[in-house]
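Beneath this line is the structure, given in structure tokens, with notes to follow.
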Amino acid sequence: MLLRRPSTDKHNGVMTNEALTSWCVYLLRCADDSLYCGITNDLAKRIATHNTGKGARYTRVRLPVVVAYVEPCADRSEASKREAAIKLLSRSSKLALIANQGEVALVLQTNPA
């Protein structure tokens, strides 16, 4: 299965804040070190919802969660399809996906929305 790298700004190679408020698929690392995959069109709001215990049932008992991977998508349909593909991956493949995005995750942590 082909793993795609996340979209970035064409000019400087980093993910922009605009990408954080459009449809995206994300992976969370839960407190028990498990991974959760979901989609959203407002990443900051969705993470806050997860961390207040009002998100998905799976994450409610595994708080706190942190963003491990984000992949912007063109629309909800593309995000849903990519989420389904990621959910089919093994844990080791998901960890490889996260590792291959290391530099983008660093930019997201240092440049909040």
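The values are calculated or read from the model by the stated rules, or taken from the named source; none is laboratory data. The structure presented is a predicted model; accordingly, all values stated were derived computationally and were not measured. Cβ sites come from the backbone with ideal geometry, for glycine too, and all protein chains shown count toward neighbours.
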Could you please find all residues in the range 15-26 being surrounded by 15 or more Cβ atoms within 10 Å (Cβ to Cβ) and at pLDDT below 95? Met15, Thr16, Ala19, Leu20, Thr21, Ser22
Residue selected from the range 83-92 under the condition over 20 Å from Ala44 (Cβ atoms) and touching a residue at least 40 places away in the same chain (Cβ under 8 Å), by the criterion surrounded by the most Cβ atoms within 10 Å (Cβ to Cβ): Ile86
Those residues of the range 27-46 which are surrounded by fewer than 20 Cβ atoms within 10 Å (Cβ to Cβ) and farther than 16 Å from Leu88 by Cα amount to Arg29, Cys30, Ala31, Asp32, Asp33, Asn41, Asp42, Ala44, Lys45, Arg46
Which pairs have Cβ atoms under 7 Å, sit 6 or more apart or on different chains, and link a residue in the range 42-57 that is free of Cβ contacts under 8 Å to residues at least 60 places away in the same chain to one that is surrounded by 15 or more Cβ atoms within 10 Å (Cβ to Cβ) and polar (S, T, N, Q)? Asp42/Thr21; Arg46/Thr40; His50/Thr59; Gly55/Thr49
